[in-house]
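Let me give you the structure first, and then I'll get to my questions.
The values are calculated or read from the model by the stated rules, or taken from the named source; none is laboratory data. These numbers come from a predicted model, not from an experiment. With ideal geometry, Cβ positions are generated from the backbone for all residues, glycine too; neighbour counts draw on all protein chains shown.
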Amino acid sequence: MDPGKTRQKEVANLPDYQNIVSKSILTPAKGCVAHHSFTFSLNPYVGCAFACKYCYVMEMPQAKFRGKEWGSYVDIKSNANVLLDNDIRKAKKKGQRISIFMSTATDPYQWKEAKERITEAILENLLNFINDIDFLMIHTRSPLVKRDIELFKKFGDKILVSMTIETDSEKYRKIFTPSAPPIPARLKALKEITEAGIPTRISISPMLPMTKKVAKVFKEATDTVVLDTYSLCNGGSGDRTEQMGIKKIYEEINLPQWYEKDAYKKILPILEKEFGHVNTIKDECSKCSLFLT
């Protein structure tokens with residue numbers, strides 16, 4: 001069954017979808033994204049049907065100005081491919097390095113992608129510029145990503161597929177991200193991509209409550225993980241998360257200790273035992289304007 005249709009059945013209120021004509025598709029990278037050597041972000045959609053309760057995007061000016069609940073709308077950039085041609089040529093003309101993070105403010109493989117195939121078309125177009133592109137990171141939490149395995153292979157070592165999996169517990173996933181894809185489906189998809197020889201990683205971002213089995217479960221899908229929390233790359237304080245009321249959720253489920261800034265230090269040794277070195281989003285990003293989710 002189509003992975004998009006599978007999860008949509010569990011979502012009571014689907015977003016309002018509309019096609020839009022966007023002005024650009026490559027946005028100059030800022031904050032943590034720029035710090036990690038990406039020069040552009042690429043968002044095929046505006047808004048996100050997964051509507052994660054902790055998503056930093058809902059606190060950004062664009063979302064605030066929209067005046068609608070996060071997750072209630074998704075704009076489809078119908079002219080994305082035309083824009084991509086123009087934006088890449090402009091970057092080349094300026095002598096800019098092209099290293100792309102897809103995506104920072106939406107999910108490129110949310111449910112509507114199964115029908116619209118905007119991300120797929122973008123990947124096909126990017127391959128036309130493969131000699132001009134330094135790197136492409138696909139950042140998603142959707143099992144639909146495995147659809148494009150054959151396209152990923154063509155990027156060789158210029159690509160990384162990063163799957164956000166914040167916990168190994170479906171119980172806690174349903175509390176914090178009830179409209180997002182199930183954890184087992186994400187792990188299965190990532191394992192298939194890894195076994196296809198494509199570079200992959202799991203992004204534990206942000207870290208949610210999890211079990212002691214997390215490292216072994218994750219190791220079955222990839223050899224690389226990166227760990228982030230609400231505060232490691234959020235101005236070092238987690239103020240924005242406080243404003244969204246995330247702390248209250250932890251209190252309601254009687255797990256306030258998992259919200260503490262140093263909670264990740266209890267999980268890090270467990271991950272390191274299985275994976276060896278584990279990267280974290282550390283203090284070097286303390287001045288960034290966003291963290292990766």
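Looking at (1) at pLDDT 90 or above; (2) out of contact with any Asp or Glu (no Cβ under 6 Å at 6 or more places or on another chain); (3) over 23 Å from residue 148 (Cβ atoms), can you tell me which one residue 56 breaks?
Of everything listed in (1) at pLDDT 90 or above; (2) out of contact with any Asp or Glu (no Cβ under 6 Å at 6 or more places or on another chain); (3) over 23 Å from residue 148 (Cβ atoms), residue 56 misses just condition (1).
OK, next. Do we have residue 74 as β-branched (Val, Ile, Thr), under 26 Å from residue 175 (Cβ atoms), buried (at least 16 other Cβ atoms within 10 Å of the Cβ) and modelled with pLDDT of 95 or more here? Step through it out loud before you land on a result.
Values: β-branched (Val, Ile, Thr): yes; under 26 Å from residue 175 (Cβ atoms): yes; buried (at least 16 other Cβ atoms within 10 Å of the Cβ): yes; modelled with pLDDT of 95 or more: yes.
Spelling it out, residue 74 is indeed β-branched (Val, Ile, Thr), under 26 Å from residue 175 (Cβ atoms), buried (at least 16 other Cβ atoms within 10 Å of the Cβ) and modelled with pLDDT of 95 or more.
Same structure again: I want to confirm something. Restricting to segment 240-260 and keeping residues that are at pLDDT below 95 and among the acidic types (Asp, Glu), which single residue is farthest from residue 169 (Cα to Cα)?
242
If I ask for residues that are in a helix (DSSP H, G or I) and either modelled with pLDDT of 95 or more or closer than 16 Å to residue 225 by Cβ (or both), which ones from segment 261-293 would you list?
Once the filter is applied, which keeps residues that are in a helix (DSSP H, G or I) and either modelled with pLDDT of 95 or more or closer than 16 Å to residue 225 by Cβ (or both), segment 261-293 yields 264, 265, 266, 267, 268, 269, 270, 271, 272, 273, 274, 275.
Which ones in segment 64-89 are of a type in the set (Phe, Trp, Tyr) and assigned to a loop (DSSP other than H, G, I, E, B)?
70
In this structure, does residue 115 turn out to be more than 25 Å from residue 205 (Cβ to Cβ), without any contact (Cβ under 8 Å) to a residue 24 or more places away in the chain, of a type in the set (Lys, Arg) and part of a helix (DSSP H, G or I)?
Considered against the rule, which asks whether it is more than 25 Å from residue 205 (Cβ to Cβ), without any contact (Cβ under 8 Å) to a residue 24 or more places away in the chain, of a type in the set (Lys, Arg) and part of a helix (DSSP H, G or I), residue 115 comes out as no.
Further question on the same structure: Looking at segment 125-132, can you tell me whether even one residue there is part of a helix (DSSP H, G or I) and crowded, with 18+ Cβ neighbours inside 10 Å?
Yes, the conditions are met somewhere in segment 125-132.
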